[in-house]
1. Only one of Ser344, Ser368, Ser375 is more than 21 Å from Ile306 (Cα to Cα) and not hydrophobic (A, V, I, L, M, F, W, C). Can you tell me which?
2. Report whether or not Arg435 is part of a loop (DSSP other than H, G, I, E, B), touching a helix residue (DSSP H, G or I) at 6+ places or on another chain (Cβ under 8 Å) and touching a residue at least 40 places away in the same chain (Cβ under 8 Å).
3. When you scan the stretch 134-149, do you find a residue that is in contact with a His (Cβ under 7 Å, 6 or more places away or on another chain) and part of a strand (DSSP E or B), even just one?
4. Pick out the one residue from Asp8, Asp83, Asp60 that is within 18 Å of the chain's Cα centre (by Cα), modelled with pLDDT under 95 and assigned by TED's automatic domain parsing to the domain that holds Glu123.
5. Just to confirm my filter: which helices (runs of 4 or more DSSP H) fall fully inside the stretch 352-432 and include at least 3 residues that are in contact (Cβ under 8 Å) with a residue 40 or more places away in the chain and closer than 17 Å to Gly302 by Cα?
6. Among the numbered criteria (1) touching a strand residue (DSSP E or B) at 6+ places or on another chain (Cβ under 8 Å); (2) under 24 Å from Asn393 (Cα atoms); (3) of a type outside the set (Phe, Trp, Tyr), which single criterion is violated by Asn309?
7. When you go through Ala52, Ala42, Ala26, Ala69 one by one, which is the residue that is without any contact (Cβ under 8 Å) to a residue 40 or more places away in the chain, assigned to a strand (DSSP E or B) and more than 23 Å from Leu206 (Cα to Cα)?
8. Would you mention how many residues in the stretch 206-221 are surrounded by 14 or more Cβ atoms within 10 Å (Cβ to Cβ) and either more than 22 Å from the chain's Cα centre (by Cα) or not hydroxyl-bearing (Ser, Thr, Tyr) (or both)?
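The values are calculated or read from the model by the stated rules, or taken from the named source; none is laboratory data. These numbers were taken from a predicted model, which means no experiment stands behind them. FYI the Cβ positions are ideal-geometry reconstructions off the backbone, even for glycines, and counts take in every protein chain you see.
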Amino acid sequence: MLLRYFYDEKLAHASYVVGCQATGEAAIVDPMRNIAPYIELAKKENLKIVGALETHIHADFVSGSRELADRFGTKLYLSDEGDQDWKYENIDHLDHQLLKDGDAFSIGNIVFQTMHTAGHTPESISFLLTDRGGSADKPMGIFSGDFVFVGDIGRPDLLEKAAGIQGTSESGAKAMYQSLKRFKALPDYLQVWPAHGAGSACGKALGAIPSTTVGYEKQFNWAMRCDNEESFVQTLLDGQPEPPSYFAIMKQVNKVGIELIKNLVDVNMLTSVKEVEDIIAAGHQVIDTRKVSQFAAGHIEGTINIPFNNAFTNWSGWIVDYQRPLYVLVTPTDLDEVLVALRSIGIDNVAGFADIEAVLKEATMLESYDNITPSEAKEMIDSSDVYVLDVRNQTEFDAGHIDRANHVMLGTLRNRLDEVQTDKKIIVQCQAGARSAIAASILQANGVKNVVNLTGGYSSWRREIKQDLSIR
């Protein structure tokens, strides 16, 4: 048997290739939309991709199952649990098998047994894997999807917070409590292969280790040690971060389907700063993917800064309007990766791009903003009437914030600009200075120019200006 792990750092998403080398067949568990790495591995190992397994209808990325089915006629193995709202649609033309608790199927000599693990979502399932290529007659591991992570479990509140289905947070938490009872009854030696790692918004405290075991989680995962349902539900729901706004779109996309990718690089190239300025003047959205420091020093007026780093996909999902064409200013060598990242969350409407360094060279007038230290910020707060804007998550703000700070979480800022007091100088801050830099760009792009960014954010403020902490 062959088992390979693929990890998308920008999504904190793990997928797996499971191959039977005896029969030359392979299956992908929770495939990402960019299927090129799987194709490369299959060619190298002389395997045919015959199966695509999904543990649930994902909310944080576009699944690659339909891409695999289109390219290779791959059979889809999908959950048939949950009520009618959580059934896959538009799959009659695809080779597929709908699965309920206890159902089993084989890929070569590898047996997958379905285990209904509701909680994160009603239709969530896990797959127990048994390799019958040798003498094994018991499972060696479980693909847990968003059910059990390293050190944490899947959050049950996404349907309510992201999809707007009221009352599902508590019922999901109760379902999770029951599912964990079944998990704890599994043998300690079983390996656990989750679909996410640290940084994913599908839980609140995921570990950065790629895999674990049932026995380890039973000893050290907080959720396994909670034997009271009421306190479990309260602890699980308390402190969950705001789910990105694009999660609701992903749920629909993965349930119904999305247009297949036929050509990765199929966008127009803008060759002058005037073209970029004309695009902005026409009301289109343009994102600048450079580092925060570069953008702060000089940028084209009207552009929004989303640096191309591991947080790029998350903030693009929060900030980009899916209904409008998008243009990106990018280093050409990064273009393919930028498009892959955007398309991984369904942002397919990329209408054009420009070589950022080339267009900036000919720009005669650039906009900028200042970065200030905590000491400078304190002096401004003490001596003048300024507006402090905290763009961190609600839980961060509740744990402690600068006195008189106003809270608008970064992901919601674009739609809450009317709440920001714009007749004063605005000090934007987050925890370390990265999110507030994005916020500064959003404000400037929307005509709010009198903005400065707090370098080092609240962390630096706490170290340097301790006496001014306000904890409510």
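1. Details: Ser344 fails: more than 21 Å from Ile306 (Cα to Cα); Ser368 fails: more than 21 Å from Ile306 (Cα to Cα).
Among Ser344, Ser368, Ser375, only Ser375 is more than 21 Å from Ile306 (Cα to Cα) and not hydrophobic (A, V, I, L, M, F, W, C).
2. Working: part of a loop (DSSP other than H, G, I, E, B): no; touching a helix residue (DSSP H, G or I) at 6+ places or on another chain (Cβ under 8 Å): yes; touching a residue at least 40 places away in the same chain (Cβ under 8 Å): yes.
Here the answer is no, as Arg435 does not meet what is asked.
3. Within the stretch 134-149, the first condition is being in contact with a His (Cβ under 7 Å, 6 or more places away or on another chain), and the residues that meet it are 145-147, 149.
Remaining after also requiring part of a strand (DSSP E or B): 145.
There is at least one residue in the stretch 134-149 that is in contact with a His (Cβ under 7 Å, 6 or more places away or on another chain) and part of a strand (DSSP E or B).
4. Values: Asp8 fails: modelled with pLDDT under 95; Asp83 fails: within 18 Å of the chain's Cα centre (by Cα).
Criteria check complete, one pass: Asp60.
5. Numbers: elements: 356-361, 374-383, 394-399, 410-413.
In the stretch 352-432, the matching helices (runs of 4 or more DSSP H) lie at 356-361.
6. Condition not satisfied by Asn309: (1).
7. Values: Ala42 fails: assigned to a strand (DSSP E or B); Ala26 fails: without any contact (Cβ under 8 Å) to a residue 40 or more places away in the chain; Ala69 fails: assigned to a strand (DSSP E or B).
Being without any contact (Cβ under 8 Å) to a residue 40 or more places away in the chain, assigned to a strand (DSSP E or B) and more than 23 Å from Leu206 (Cα to Cα) holds for just one of Ala52, Ala42, Ala26, Ala69, which is Ala52.
8. If we filter the stretch 206-221 for residues that are surrounded by 14 or more Cβ atoms within 10 Å (Cβ to Cβ), which is where we start, we get 206-207, 211-218, 221.
Checking the rest, the ones that are also either more than 22 Å from the chain's Cα centre (by Cα) or not hydroxyl-bearing (Ser, Thr, Tyr) (or both) come to 206-207, 213-218, 221.
Looking only at that region, the number is 9.
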